[in-house]
Structures are given as C-alpha cells and as structure tokens.
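Chemist: Let me begin by handing over the structure; questions about it come next.
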Amino acid sequence: MTLSKRSYALVNGLNMYYEIHGEGQPLVLLHGALSAIGTSFSKVLPQLSSTRQVIAVEQQAHGHTADIDRPLTYEQMADDTAALLQQLGIEKADLFGWSMGAGIALQIAIRHPEVVRKLVLASVTYNRNGFCPELSKCHCSETWPGPRFKRNTKGPHRSRKSGPGFSPK
C-alpha cells in the first residue's frame, strides 16, 4: 500500500483530515459513526489502493477531524466531503460508505450527483423502523437520516479510548 498523503483541508469552516493511498480511478471511503479510517478500513486499504487512488476522509468529530460548533448531519458531512473532493481536483469518484458513511454517500449522490461515478453502500439505514428502541433514542433525530449527538462538554475534546469526544444523546 502506497500512502501518498496525509493532510487536512479547510472545508465549510471544518479542518477535515484525509489520506490518499495508491493511484488509479478515485475511490472515496466513508467511515461509520464513532469510527475513523483505521477502524473502518485498515484491513481493506492495502488491497483497494493496489489498483485505485483511495481517498479516505474522517468526518466532523471523528478520528483526526475535530468537532466544531454546528449541527452534525449527513447533509453537512456530504457537503464537506464534496467540497474536499473539489479542493483535491477530483471531478468524479466512486464512493464506498459503511453505516453512517453509507448515509453520507447517499446524501452526496442526492446533493452533488456530478461527483459520483458509482455508489456502493454497506449497512445503510434509510429509516428507523428496524432500529431497536434503545438505539433509536440515543442515535437518531426526528428527521432521519442524520445522526444527532450530544456533545461531551467534560474533559478533552477527544480521547483515543473513547473515540471522537462526544456521547450519544
């Protein structure tokens, strides 16, 4: 696996972390909730980047990307990702989203279809009917899709043990 770049880009007021691996047709990896590049994709990154240019991003309040004072929604994360692709000069890419990342990928396809070549979704949720009541109470807003989190106001922004520094509502 060739790591070409680890960096941050300022998009929509957010200093977003991303990595670029390999060369070839662009493939954007979108991680799940309370996860990051390494925890979601470390086992598949070497194989994917052997034939593709993999752009892996860490969303607001996840991994290396800090939280900022704005809503944490699929729509906003989709806009951030599309803005990142534009900054990187990626005109069209394949998107692979897992869990929350799949919801973000759907929103990119809806809001920014010009940047999507192919869309692959894994474990996507399109409504709350299948959620257990406990998960629905802590994770979802009234207008699904889109995670709603209560920010952790105690302690450091994030810790490696507890993830990105916020707790479910």
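The values are calculated or read from the model by the stated rules, or taken from the named source; none is laboratory data. On a predicted model such as this, the values are computed, not experimentally measured, just so you know. When we count neighbours, we look across all protein chains shown, and the Cβ atoms used for this are built from the backbone with ideal geometry, even at glycine.
Chemist: Just to verify a result, which residue in the range 4-23, among those that are in contact with an Asp or Glu (Cβ under 9 Å, 6 or more places away or on another chain) and either of a type in the set (Lys, Arg) or farther than 18 Å from ASP69 by Cα (or both), is surrounded by the most Cβ atoms within 10 Å (Cβ to Cβ)?
Modeler: Taking the candidates together, the pick is TYR18.
Chemist: Is it the case, given these coordinates, that ASP79 is touching a Pro at 6+ places or on another chain (Cβ under 8 Å), modelled with pLDDT of 90 or more, among the charged types (D, E, K, R) and surrounded by 15 or more Cβ atoms within 10 Å (Cβ to Cβ)? So that I can check it myself, show each step before the final result.
Modeler: Details: touching a Pro at 6+ places or on another chain (Cβ under 8 Å): no; modelled with pLDDT of 90 or more: yes; among the charged types (D, E, K, R): yes; surrounded by 15 or more Cβ atoms within 10 Å (Cβ to Cβ): yes.
Taking the combined requirement at face value, the residue does not satisfy it.
Chemist: Can I ask one more? Looking at ALA109, ALA78 in this structure, which one is part of a helix (DSSP H, G or I) and in contact with a strand residue (DSSP E or B) (Cβ under 7 Å, 6 or more places away or on another chain)?
Modeler: Within the list ALA109, ALA78, the selection yields ALA109.
Chemist: Quick one: SER49 ticks every box in (1) surrounded by fewer than 22 Cβ atoms within 10 Å (Cβ to Cβ); (2) polar (S, T, N, Q); (3) more than 14 Å from the chain's Cα centre (by Cα) except a single one, so which number is it?
Modeler: Of the numbered conditions (1) surrounded by fewer than 22 Cβ atoms within 10 Å (Cβ to Cβ); (2) polar (S, T, N, Q); (3) more than 14 Å from the chain's Cα centre (by Cα), the odd one out for SER49 is (1).
Chemist: Any residue at all in the range 11-18 that's of a type outside the set (Ser, Thr, Tyr), within 18 Å of GLN107 (Cβ to Cβ) and under 11 Å from the mean Cα position of the chain (by Cα)?
Modeler: Yes; the residues of the range 11-18 include at least one that is of a type outside the set (Ser, Thr, Tyr), within 18 Å of GLN107 (Cβ to Cβ) and under 11 Å from the mean Cα position of the chain (by Cα).
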